[in-house]
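Student: Would you mind keeping the following structure in view while I ask a few things?
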């Protein structure tokens, strides 16, 4: 793998890890303010969490390198896009994190719809 390819995967991992949550929060707040509604915030935030969880799950199942590097970043390890040892990626991270994100997202959507 070329140096340019490694840097691209590391950048994608950092954007995925930190940019995803920032984007979800920003869009949720923006829609909440524009529509003057807490319900819009909750529904947008919930939808974003479900989409983020789905992306995490797909990245684990399809073994996307930037998802493995994001996992390494979360564990404060050096990112190794050229050597992804998927056996080190625990199943509780691959299945548990998306499940938690689905539950949070579903809860936010239900609360947003019920109190809407």
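The values are calculated or read from the model by the stated rules, or taken from the named source; none is laboratory data. Note that this is a predicted model, so its numbers are computed, not measured. Neighbour counts run over all protein chains shown; Cβ positions are idealised from the backbone, glycine included.
Student: How many of the residues in the range 1-27 are over 20 Å from the mean Cα position of the chain (by Cα), loosely packed, with under 15 Cβ neighbours inside 10 Å, in contact (Cβ under 8 Å) with a residue 12 or more places away in the chain and part of a helix (DSSP H, G or I)?
Tutor: 1
Student: Of everything in the range 85-115, what is under 22 Å from residue 72 (Cα atoms), outside any helix (DSSP H, G or I) and in contact with a helix residue (DSSP H, G or I) (Cβ under 7 Å, 6 or more places away or on another chain)? Give them in sequence order.
Tutor: Hit for the range 85-115 is 89, nothing else.
Student: I would also like to ask the following. Among the residues of the range 60-85, which ones are modelled with pLDDT of 90 or more and surrounded by 19 or more Cβ atoms within 10 Å (Cβ to Cβ)?
Tutor: 60
Student: Evaluate the range 28-44: report whether one residue or more is in contact with a helix residue (DSSP H, G or I) (Cβ under 6 Å, 6 or more places away or on another chain), within 18 Å of residue 98 (Cβ to Cβ) and either at pLDDT 90 or above or not in a helix (DSSP H, G or I) (or both).
Tutor: no
Student: Inside the range 63-113, can you point out the residues that are closer than 21 Å to residue 29 by Cβ and over 14 Å from the mean Cα position of the chain (by Cα)?
Tutor: Pass one, the range 63-113, residues closer than 21 Å to residue 29 by Cβ: 101, 104-113.
Scanning the range 63-113 gives 106, 107, 108, 109, 110, 111, 112, 113.
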